[in-house]
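Every number here is computed from the coordinates shown, using simple stated rules; none is lab data. For clarity, every value in this text was computed on a predicted model and none was experimentally measured. Here the Cβ positions follow ideal geometry from the backbone for every residue, glycine too, while neighbour counts run over all protein chains shown.
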Amino acid sequence: MNQYEAGSMFSDFLTGTFDRLKGYYKGFRLDFPPKERAFLKLYGQYEITQITICRSPIHQALDSVLNILSLGKWDDLKTQYNFDKMFHLFLVIRLSNQHAVRLEKNEVVRIANTFKLDNDTEFDEIHLHGKKITLDELLRNTINAVGSKQFFIYSPWNENCQRFILDILHSNGLLDEQSKQFIYQDLTELIQELPAVTKVIGQKVTDTAHALNLLVHGSSLNK
């Protein structure tokens, strides 16, 4: 390695470190993470040929943690309001270049073209009715309709995976009653009865995960 290459690598390292620290101290990222932005530059212009709503039961470990944080009320309230299972929702979108992508909202919005589906995942296919729309258009239409904060910032109690999927389909004229029933679990009364500390801790955990994502990945692509 010559002196120029070593200097260039050190410069890239400093730039990347500064970007991560800047993103961390800036707070919430009202945009896609860098990896997702890079993916959209490559694949965002392709038309969507199929959209499938997927829902998987939340992992038992998460269910147990929620019950501990709520001092046992989580299980009691699920029984009271007849919620046998709680689901995590996401979309699997097939593009005209034959790639399939998984779109979901966790602590940040994630887009992946390599993914696995759990054996107990349930599916509901969206009828496009000949609608021509690219992946970029699907996402931008939603952001324009609901705003960047609602689209990008996660809350386990309201701006969650369920709200995210509803927003995308509604903003693009793709939400019908069958899909709405497949997606929507009305947790309003259940959440209201959770101990206040449970809701605070749940939000703090999510906010911390978002901040760590900023620290690890930064707020923007390195130029």
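Brief remarks follow.
- Long pairs among LYS35/LYS105; LYS105/LYS149; LYS105/LYS180; LYS85/LYS149; LYS105/LYS131; LYS116/LYS149, criterion Cα-Cα beyond 21 Å: LYS85/LYS149; LYS105/LYS131; LYS116/LYS149
- Relative packing of peptides 115-122, 88-95, 129-136 - highest average C-beta neighbours within 10 Å first: 88-95, 129-136, 115-122
- Gain upon complete extension [HIS170, LYS85; 0.36 nm per residue less C-alpha separation]: 28.1 nm
- Projecting label points 7 angstrom from Cα along Cα→Cβ for ILE58 and LEU117 puts them 2.3 nm apart.
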